[in-house]
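Novice: Sharing a structure, written as C-alpha cells. Questions coming.
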Amino acid sequence: MSWHPQYQSSKFRHVYGKAASKDKCYDCVPITHNINDNHFCAVNPKFIAVVTECAGGGAFLIIPIKQTGKLDPHYPRVCGHKGNVLDIKWNPFNDFVIASCSEDATVKIWDIPNQMIKKNITTARKELLGHTRRVGLIEWHPTAANILFSSGYDYKIMMWNLDDTAAVLSKPVKILDVHRDVVLSMSFNTDGSLLATACRDRKIRVIDPRAGAVLQEGSYKSHRANKVLFLGNMKMLLSTGTSRWNNRQIALWDQNDLSVPVLEEDLDGSSGLLFPFYDSDTHMLYVVGKGDGNIRYYEIKPEKPCLIYLMEYRSHLPQKGIGVMPKRGLDVAACEIFRFYKLIPTKNLIEPISMIVPRRSESYQADIYPLSAAAQPALTAEEWLAGINKGPLLVSLRPDSEDMESVPQFEPEPLMKATDLSPQQEAQGSMSLEPREIESSRKRLKMEESLPENKQMCFSSGFDVFECPPPKTENELLQMYYRQQEEIRRLRELVVQRDIQIRQLKLELRNLSVDTDNE
C-alpha cells in the first residue's frame with residue numbers, strides 16, 4: 001500500500017514575504033482617503049506613483065524608486081485634474097509616461113522628466129475627452145504600443161490610440177457599449193486579443209475589444225465578482241468577490257464556459273475587497289486583502305487541483321492600496337520573485353514587501369526566472385488595430401544579459417589621439433624627455449609586449465573585466481565603474497607615452513639620415 005502526501009511538491013512552497021526595513025520605506029506620504037476600490041499606486045523600475053490627498057482637484061506623487069525615507073511635505077505633485085484621481089497606470093513600454101483618470105471625466109497622459117522633479121507638473125501631454133461621467137479604470141494594452149482603454153461610470157469602455165499627434169483627443173478608436181452597469185475590473189489575456197470584465201450587474205464577460213462583441217457572459221448566484229483576472233495562457237479566469245453568505249471568495253473559470261466556475265473557495269468573513277495578482281512566469285497567484293495586512297499566495301496548475309495553497313504573509317498594518325513592481329525591476333540576486341508596495345494610510349507609509357524563494361546559492365537561479373516580458377512592444381498600434389495578434393517579447397532576467405538594462409551604461413572619456421596634439425606640444429613633449437625617461441619607457445614597453453595576451457587584458461589592480469562576475473549590488477557596480485575609470489586613465493597615459501616614443505624615434509631616424517648625408 002503506497003502513501004500519498006496531502007501536499008503537492010513545489011519549488012515555491014517555502015516562499016516567504018519580507019518587509020523592508022524602516023530606512024527602505026517611503027515615509028510621510030499623504031496617501032489618499034478616497035473610498036474607491038482601486039490600487040492607488042503604480043510602480044516601475046524608475047518611479048513609484050501614488051494618489052495623494054490634495055485640496056481643490058486631484059493629484060498624485062511621482063517618487064524616484066531609490067528616494068526612500070521621509071518625504072518633503074512640499075514635494076512637487078502632478079496636479080492637473082479638476083477632480084479626485086481614481087486610477088494611475090505606467091506605460092509598460094516607457095518608464096517615463098503615466099496615465100491617470102479622474103472624477104472630472106478625463107484621462108490624461110503625462111511625461112515625467114528624467115531628472116529630479118523640482119516643481120508641480122500641471123500640463124499633460126495628452127487629454128482624452130470622451131466619457132460623460134467620471135472615469136474609474138484605465139488599462140494599457142499588454143503588447144501593442146500606445147493603446148489605452150478607459151472605463152467610466154457611463155458604463156462604456158473606450159479604446160484610445162495615443163499615436164494621434166493631437167494634444168486633445170475627443171473621439172476614441174472604439175467604444176464598447178456592452179455593459180448595463182459600472183465596470184469594476186478589466187484584464188487582458190497574454191496577447192491582448194481578449195478583454196475580461198467584471199461588472200456591478202454581477203456578470204463576468206469576455207469581450208473581443210476590436211470587434212466590440214461579447215464572446216462569453218456568465219453569472220453565478222453563489223459568487224458575486226468584484227475583480228477578474230486572466231491567468232496567462234492557461235485559458236482560465238480568476239475572480240474575487242463574495243459568496244451568498246458574504247464570505248470573501250475566489251473562483252476559477254474556464255474562459256470558454258462561464259456558466260459554472262471550475263472551483264470556488266471561501267477565504268474568510270472580512271468585508272474588504274480582494275486584489276488578485278498573477279505571475280505568469282512562476283504560475284503563482286497572490287491575493288491581497290484591502291483593509292487587512294494579509295497576502296495569500298497560491299500556485300496555479302492546469303490539472304486538478306487547479307489551486308494549491310502555499311502560504312500567507314501576515315501583518316498587523318492594514319493596506320488601503322497596493323503596487324506591484326514589474327519583473328525586470330526585481331532583485332534576482334536575492335531570489336526575489338515578486339514585490340509589493342503596500343500603502344498604509346494610518347502611518348502615511350509605503351512599505352515594500354519582497355516575496356523570496358529561499359536558496360543557499362548566490363548565483364543566478366534560472367529555474368525560478370524563466371524568460372519574462374520585455375519593456376518593448378511586440379506590435380504597433382496600427383498593426384494591432386488591423387487584427388494582428390502577437391505575444392509579448394521575452395527577455396532573460398539574468399543580470400549580464402544583453403537584453404536587460406540592469407546596470408547603467410557608463411561612457412568612458414575619449415582617449416587622447418596623437419593627431420590632437422599641436423606641433424608646439426609635440427616639440428615640447430619631445431624636448432622635455434630626458435635620456436633616462438626615454439630608456440625607462442623603452443624597457444617598460446618591451447616588458448608589456450613580452451606579456452601574454454590574457455595578461456594584458458587585466459587591470460593594473462588585478463581586476464579582469466572579462467572573468468569577473470557581473471555586479472549584484474550598487475556598491476559592487478560603483479567599484480567596477482571606478483576600476484574601469486582607473487584603467488582608462490592608465491591606458492590614456494600609456495597611449496601618450498607611446499606617441500612620444502614614436503616621435504622620438506622619428507627624430508632619431510631624421511638625425512641619422514642627416515649624419516649619413518653629411519658623410
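The values are calculated or read from the model by the stated rules, or taken from the named source; none is laboratory data. Predicted, not measured: the structure shown is a model, and the values here were computed from it. A quick note on method: Cβ atoms are made from the backbone with ideal geometry, for glycine too, and the neighbour counts reach across all protein chains shown. Note: areas computed on protein heavy atoms with side chains; ligands, DNA, RNA excluded. Shrake-Rupley method; radii C 1.70, N 1.55, O 1.52, S 1.80 Å.
Novice: Once you have a ≥ b ≥ c as the square roots of the Cα gyration tensor eigenvalues for the stretch 16-403, tell me rounded if a/c is under 1.5, and otherwise prolate or oblate according to whether a/b is larger than b/c. Write out the running numbers ahead of the final one.
Specialist: Values: a/c = 1.23, a/b = 1.02, b/c = 1.21.
Rounded is the answer for the stretch 16-403, as its axis ratio a/c remains below 1.5.
Novice: Now, a different point. Assigning unit charges at the beta carbon (Lys, Arg +1; Asp, Glu -1) and nothing else, what dipole magnitude in debye, to the nearest 20, does the stretch 16-403 show about its Cα centre? Intermediate values should be presented prior to the final figure.
Specialist: Numbers: 46 positive and 43 negative charges, 179 e Å.
Rounded to the nearest 20 debye, it is 860 debye.
Novice: Now, a different point. How far apart, in nm, are the 7 Å Cα→Cβ label points at Arg498 and Gln484?
Specialist: Placing both labels 7 Å beyond Cα along the Cβ direction yields 2.1 nm.
Novice: Calculate one ³J(HN,Hα) per residue across the stretch 163-169 by plugging θ = phi - 60° into the Karplus curve 6.51 cos²θ - 1.76 cosθ + 1.60, and present them in order as whole Hz with x for glycine and proline.
Specialist: With coefficients 6.51, -1.76 and 1.60, one gets 6, 4, 7, 5, 6, 10, 10 Hz.
Novice: Which whole number in µm²/s is D for the stretch 130-257 by Stokes-Einstein, with the Kirkwood Rh taken over Cα pairs at 4 °C and 1.567 mPa s? Mind dumping the intermediate values first?
Specialist: Details: Rh = 15.1 Å.
D = 86 µm²/s.
Novice: If we restrict to alpha carbons, what Rg and Dmax does the stretch 260-407 come to, in Å?
Specialist: When restricted to the Cα atoms of the stretch 260-407, Rg and Dmax are 17.7, 50 Å.
Novice: Still on this structure: Could you work out what % of the accessible surface of the stretch 16-403 is carbon and sulfur, using a 1.4 angstrom probe and leaving DNA, RNA and ligands out of the count? Before the final figure, lay out the partial values.
Specialist: Working: 7860 of 16170 Å².
Roughly 49 percent of what the probe reaches on the stretch 16-403 is carbon or sulfur.
Novice: What is the calculated FRET efficiency for Glu382 to Asp515, with r their C-beta to C-beta distance and R₀ = 51 Å, to the nearest 0.05? Intermediate results must be reported in sequence, preceding the final value.
Specialist: Details: r = 77 Å, r/R0 = 1.50.
So the FRET efficiency works out to roughly 0.10.
Novice: Tell me the per residue accessible area of the stretch 16-403 using a 1.4 Å probe; a whole number in Å² is fine. Mind showing how you got there, number by number?
Specialist: Working: 16170 Å² over 388 residues.
For the stretch 16-403, the per-residue accessible area is 42 Å².
Novice: May I ask you to derive the relative contact order of the stretch 16-403, considering only C-alpha pairs under 8 Å and at least 6 residues apart, and to give it as an integer percent?
Specialist: This gives 14 percent for the stretch 16-403.
Novice: Let me ask you something else. What full-extension length gain, to one decimal in nm, is calculated for Leu507 and Leu371 as 0.36 nm per residue of separation minus the Cα-Cα distance?
Specialist: On the way: separation 136, 0.36 × 136 = 48.96 nm, distance 6.06 nm.
42.9 nm is the gain from fully extending Leu507 to Leu371.
Novice: Could you work out how far apart the two model spin labels at Leu215 and Ser315 are, taking each label as a point 7 Å from the Cα in the direction of the beta carbon, and quote it in nm?
Specialist: 3.7
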